[in-house]
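A.B. asks: Can you keep this structure in mind? I'll have questions shortly.
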Amino acid sequence: MKMKIRKGDRVRVMRGDEADKNKVGEVIRVLPKENRVVVQGVNLVKKHQKQQQTGGGKTIPSGIREFEAPIHASNVMVVDSITERASRRVRRGKVAEEAKPATKRATAKKETVAAEPKAKATEAKKSATPKTAKADEGAGK
């Protein structure tokens, strides 16, 4: 199934640990085969790590490592970039923010442009009528 959540999206955690509910964070990683996402600052777990030697003679030090564990994608909802609320309809980033005001401006321009020709046309008819009448009177004399 296609994932609706992408890396970089802002999401709100709807279900899960009480400490993580209603937290908003950015998606760091998406795991589509497992239908899971990793959200920054959410579902933090601690792992006790032994010292390990990797290839090339490097060593990973021992200690307690804290990292974000994946959460199921059904437990998060994408936050709408305009209203800042979790929603099912996805509007992302600057494109969505610019698109909404632009449509309002475009409709406002259309209304004013459509209203102006009507007003000019009626003024032109009014002004044209007396001139022709005067011209007719002058022509008859």
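The values are calculated or read from the model by the stated rules, or taken from the named source; none is laboratory data. These numbers were taken from a predicted model, which means no experiment stands behind them. Because the Cβ atoms are built from the backbone with ideal geometry, glycine has one as well, and the counts that use them run over all protein chains shown.
A.B. asks: Take the conditions modelled with pLDDT of 85 or more and assigned to a strand (DSSP E or B) and apply them to residue 47. Does it pass? Don't jump to the end; show me each part of the working.
C.D. replies: Numbers: modelled with pLDDT of 85 or more: yes; assigned to a strand (DSSP E or B): yes.
In short, yes.
A.B. asks: Shifting gears a bit: So, residue 16, is that one in a loop (DSSP other than H, G, I, E, B) and surrounded by fewer than 13 Cβ atoms within 10 Å (Cβ to Cβ) or not? Break it down into steps so the answer makes sense when it comes.
C.D. replies: Values: in a loop (DSSP other than H, G, I, E, B): yes; surrounded by fewer than 13 Cβ atoms within 10 Å (Cβ to Cβ): no.
No.
A.B. asks: So, in the stretch 34-59, of the ones that are aliphatic (A, V, I, L, M) and within 24 Å of the chain's Cα centre (by Cα), which residue ends up farthest from residue 73 (Cα to Cα)? Talk me through it step by step, then tell me what you get.
C.D. replies: First, pick out the residues of the stretch 34-59 that are aliphatic (A, V, I, L, M): 37-39, 42, 44-45.
Right, trim to within 24 Å of the chain's Cα centre (by Cα) and you get 37-39, 42.
On the way: 37: 6, 38: 9, 39: 10, 42: 13 Å.
Ranking the qualifying residues of the stretch 34-59, first place goes to 42.
A.B. asks: Would you be able to tell me the number of residues in the stretch 19-30 that are surrounded by 13 or more Cβ atoms within 10 Å (Cβ to Cβ) and either within 16 Å of residue 2 (Cα to Cα) or not acidic (Asp, Glu) (or both)?
C.D. replies: So the answer is 7.
A.B. asks: Are any residues in the stretch 35-87 under 17 Å from residue 13 (Cβ atoms), of a type in the set (Lys, Arg) and surrounded by fewer than 12 Cβ atoms within 10 Å (Cβ to Cβ), and if so, which ones? Spell out the reasoning first.
C.D. replies: Step one: list which residues in the stretch 35-87 are under 17 Å from residue 13 (Cβ atoms), which gives 35-45, 67-80, 84-87.
Keeping just the survivors that are of a type in the set (Lys, Arg) gives 36, 85.
Result: 85, single match.
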